[in-house]
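Each value in this text was obtained by applying a stated rule to the coordinates, not by laboratory testing. Note that this is a predicted model, so its numbers are computed, not measured. A quick note on method: Cβ atoms are made from the backbone with ideal geometry, for glycine too, and the neighbour counts reach across all protein chains shown.
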Amino acid sequence: MLLILTNSVDGTTDEIIRRLGKHPAFRFNVDLWRQYEFEFTPHGFFLRDPAGRTVREEDVSRLYVRKPNFDEPVDRPAGGSLEWWTQQQVSYLVREIYNLCKLHGKIALVEKGAENRLGKVSQMRLAARHFHVPPWRIVRQDCLDTSGTPQIAKSLVADFTGNYQFFFTRCVKPETLDPSYPWFLQDLIDAEADVTVVYVAGRQFAFELDRASFSGVDWRKHINAVNLVWKRVQLPDEVANGIGKFMSEAGLSFGRLDFLRAQNQHFFLEVNPNGQWAWLDMEGKEGIFDWVIECLASNDVGLKQE
């Protein structure tokens, strides 16, 4: 049986479950943990969902990690929080499910926590061996100097900065930035298109977004406000080959890689080891869903060996 670790608002898992058909699957929505029964003993773990379906450790043939997080996480005040503590307890057990399945080679495609061992600095250094990478620096200095080259500021994390505000990538003048904060700065690339590539167990699905279709430098800022049309494209051989080598050296079987295309060159931005991808193939015509389902249903496609 395929066990999927996710949450109740993950539309990608909704679609995967629908497309799996008769292939048995069990979905554990960690944010709804109170609706589940579970038990961990020396003999294995056991889960029962709200509909009464069950899965035991020995029943799991593959484990797929989607988004096993809480949709509404709570803050931890100085005096502690029972709800925060409880969420950490559940997250701990989710990690143990992963560890037990990994021990027996049952992990499919996604490595839980890969972003922790392959952060932005590690990514950029590795990518420089295979791609063009815009000059970058992460800095906290009393005086942020500038070479005069247009710069962008990016966030290292995907968390809210406060009051549900998100730090989108933006053009900046380094000398105007508050030096009391750490800044991730990179040379601005005057690009014609954003390129995103979904890598799934050796196969690559590449798409382009015309930068003339939105304002600014971060297309994510316009989601649900502007009709963003991503078109399937064929990557140059050197880029496709570079992706294969990069993912192999990174030890990743899955990831969504982001590039900028400028003057027939592709500039690496980042790889998200568990990035969203369903929005690129919602009609199922691009083959991503088909290949993901095939990988999840197979016992031969797991994690790359580190």
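By the scheme Lys and Arg +1, Asp and Glu -1, what is the net charge of all other residues having a beta-carbon under 14 Å from that of ALA206? It would help to have the intermediate numbers written out before the result.
Values: positive: ARG203, LYS231, ARG232, ARG256, ARG261; negative: ASP194, GLU208, ASP237, GLU238, ASP258, ASP281, GLU286.
Net charge around ALA206: -2.
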Please compute the Cα-Cα pair-distance distribution of the range 2-103 with 10 Å bins starting at 0, giving whole percents from short to long.
14, 47, 30, 8, 1
List, in the order given, every pair from LYS112/LYS173; LYS22/LYS231; LYS102/LYS245; LYS154/LYS285 whose Cα-Cα distance in the structure shown is over 29 Å.
LYS112/LYS173; LYS22/LYS231; LYS154/LYS285
The helix 237-250 Cα axis meets the longest alpha-carbon principal axis of the chain at an angle in degrees, between 0 and 90 and rounded to 10, of 50 degrees
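Taking the inverse of the average 1/r across all pairs of different Cα atoms in the chain, what Kirkwood radius in Å do you get?
On the way: mean 1/r = 0.0469 Å⁻¹.
21.3 Å is the Kirkwood radius here.
Add -39500 (n - 2.57) for each DSSP H run of 4 or more in the chain, then divide by its residues: what number comes out at 222 nm, to the nearest 500 deg cm²/dmol? Before the final figure, lay out each step's value.
On the way: 6 runs with 68 residues, N = 306.
-7000 deg cm²/dmol, from helical runs alone.
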Please sort 117-127, 36-46 by packing, taking for each peptide the average over its residues of neighbouring beta carbons within 10 angstrom, highest first.
117-127, 36-46
Through the Karplus equation 6.51 cos²θ - 1.76 cosθ + 1.60, θ set to phi - 60°, convert the phi angles of the range 284-294 into ³J(HN,Hα) values in whole Hz; use x for Gly and Pro.
x, 8, 8, x, 5, 4, 4, 6, 4, 4, 4
Using only the Cα atoms of the range 200-290, construct the convex hull and provide its projected area averaged over every direction, in square nanometres to one decimal.
6.3 nm²
